[in-house]
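Structure, as structure tokens:
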Amino acid sequence: MLSLLVFSLLVAPAVQAVDSVSPYHHYVNAELPARTWYQPDSHPVHTLFRRAGANDGVTYASVGSPEWSKGFPADPVSMQNMPQAWLDALHKAVSAGKIPDVPVTITPPGSNPTYPDGYDPMNHDVCSSTYQCRIPGDIWDGPDGYLSLSFDDGPLPPSPTLYKFLKEKGQHATHFYIGTNILQYPDCFEMAWENQDDIAVHTWTHPYMTTKTNEEVLAELGWTMQLIHNSTGGRVPKYWRPPYGDSDMRVRAIAKEVLGLTTVIWNQDTNDWSLSDPVPITSLDKIATQMHTWLTGSKKPGLIILEHELSNQSVQAFMDAWDLVVSNGWKTTSVAQMEGASAYQNSWNASGPVMQAKVGDLSVHPPPSQTAESTT
Ligand SMILES: *[C@@H]1O[C@H](CO)[C@@H](O)[C@H](O)[C@H]1NC(C)=O
Ligand SMILES: *[C@@H]1O[C@H](CO)[C@@H](O)[C@H](O)[C@H]1NC(C)=O
Ligand SMILES: *[C@@H]1O[C@H](CO)[C@@H](O)[C@H](O)[C@H]1NC(C)=O
Ligand SMILES: [Zn+2]
């Protein structure tokens with residue numbers, strides 16, 4: 001765990017260049033987008049995770065028990081035990097031409113991932129989010145007037161303070177969780193789940209995903225999805241955020257085409273991950289100033305601020321800004337609620353029923369009208 005933290009803190013400065021580019025440059029999301037809230041039956045993700053509908057009789061081991069953690073890989077992510085069905089789905093997608101053949105990047109310590117000569121990260125064939133290239137369908141901006149509440153890197157010991165605060169304020173956030181942290185801090189996980197917050201994917205071991213092979217990308221996402229699935233009564237996560245915001249056409253396609261995941265980045269960055277560093281690159285004061293600028297500024301587009309449940313200070317930075325959020329009239333929601341969409345691929349949210357994959361069967365939980373239309 002410590003090594004994971006140290007790793008993320010050491011390597012993270014490389015991406016901070018993202019801050020210097022105008023977040024509004026590629027702004028497209030003026031209104032609530034229409035989206036399906038379920039994947040069509042034909043999507044491979046439906047065969048990859050056993051569904052726990054009311055009728056299929058699957059019971060899941062209780063979170064934190066030895067049976068619950070059994071079978072999940074230790075850090076680093078295991079390629080050996082990956083279910084064959086996941087690999088088959090990947091290879092089928094590759095054969096069908098759905099996974100662009102973008103080469104893996106190399107990340108020298110302290111610098112951004114780099115592509116081999118001849119591959120431009122801003123070209124639409126590569127489109128690296130580290131370099132601020134936006135792939136259509138990925139989420140960078142909120143709808144006007146919205147501030148989505150999302151936190152990365154948990155669950156961790158600083159998380160409960162945040163969860164108590166959110167609960168007290170009647171708010172539901174999206175938690176982009178690291179798989180190995182869920183294994184290590186099941187009680188923190190349970191607290192967010194009992195608060196009915198949305199649980200999303202931040203990979204198993206927090207790597208730069210563009211440095212990973214197709215199979216490794218699959219393992220990083222798949223194991224995290226499986227653990228969340230097994231810990232939420234069979235829900236299949238729908239959103240993921242790449243560590244360091246590092247994704248590209250290849251990584252994104254594996255997430256989307258094989259696992260049905262939507263990629264979420266951000267449009268403002270607090271650098272709050274560095275607050276607990278020996279040499280932080282920001283401070284609570286500096287973040288308070290940034291928050292003031294953003295929260296009293298334009299509401300077009302809505303805000304997706306990168307924040308972490310990584311340290312007491314990063315949690316404090318969010319809580320300190322809360323009064324400004326309220327006094328400026330932001331609509332505060334989880335990422336899914338901001339999109340007017342479900343939090344899971346097979347369930348509307350933590351309290352809604354878990355669906356069997358069945359196109360058009362909206363009888364269990366009709367989504368709000370603006371989400372009924374398909375975009376696929
Ligand atoms: C997840 O839950 C399913 C259903 O109970 C179980 O078969 C499986 O062993 C669990 N663990 C993993 C790693 O899939
Ligand atoms: C879950 O969705 C239902 C239906 O939209 C809503 O009434 C409920 O408040 C939601 N629960 C949470 C925790 O957001
Ligand atoms: C973080 O805050 C908690 C709760 O106030 C406290 O128990 C813990 O010691 C703090 N941790 C650090 C590293 O300061
Ligand atoms: Zn992270």
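Cα gyration tensor of the stretch 242-326, axes a ≥ b ≥ c as square roots of the eigenvalues: rounded (a/c below 1.5), prolate (a/b > b/c) or oblate? Kindly include the intermediate steps, with their values, before the conclusion.
Numbers: a/c = 2.63, a/b = 1.57, b/c = 1.67.
Oblate is the answer for the stretch 242-326, as a/c is 1.5 or above yet b/c matches or exceeds a/b.
Modelled label positions at T211 and M122, each set 7 Å beyond Cα in the direction of Cβ, lie 2.5 nm from each other.
So how much slack lies between N312 and N195, counting 0.36 nm per residue of separation and subtracting their Cα-Cα distance, in nm?
Values: separation 117, 0.36 × 117 = 42.12 nm, distance 1.98 nm.
Gain on stretching N312 to N195: 40.1 nm.
Take the alpha carbon gyration tensor of the stretch 107-198, find the square roots of its eigenvalues, order them as a ≥ b ≥ c, and report rounded if a/c is under 1.5; if not, report prolate when a/b exceeds b/c, else oblate. In terms of gyration-tensor shape, oblate.
Test of understanding: what is the full-extension gain from K70 to S111, defined as 0.36 nm times their sequence separation minus their Cα-Cα distance? List each step's numbers first, then the result.
On the way: separation 41, 0.36 × 41 = 14.76 nm, distance 3.63 nm.
Between K70 and S111, full extension yields 11.1 nm more.
Which part of the stretch 215-237 falls in the paramagnetic zone of V58, meaning amide N under 16 Å from the point 7 Å along Cα-to-beta-carbon? Label zone hits: 222-237. Placing R0 at 35 angstrom, the Cβ-Cβ distance between N81 and S276 gives a FRET efficiency of 0.55 after rounding to 0.05. If you take all other residues with their beta carbon under 13 Å from the beta carbon of S95, and give Lys and Arg +1 and Asp and Glu -1, the sum is -1. Under the simplified labelling scheme, the T296-Q171 pair shows an inter-label distance of 1.9 nm, with each label point 7 Å from Cα along Cα→Cβ.
The calculated FRET efficiency for the pair T161 and R134, based on their C-beta separation and a Förster distance of 41 Å, comes to about 0.75.
You can think of it this way: the chain between N328 and S283 has 13.9 nm of extra reach, that is 0.36 nm per residue less the Cα-Cα gap. Between the stretch 113-172 and the stretch 217-283, what is the C-alpha centre distance in whole Å? Taking the Cα centre of the stretch 217-283 as reference, the centre of the stretch 113-172 is 8 Å away.
Read the figures in this text as sums done on the coordinates, not as results from a lab. Note that the structure is a prediction, hence the values are computed from the model and not measured. A quick note on method: Cβ atoms are made from the backbone with ideal geometry, for glycine too, and the neighbour counts reach across all protein chains shown.
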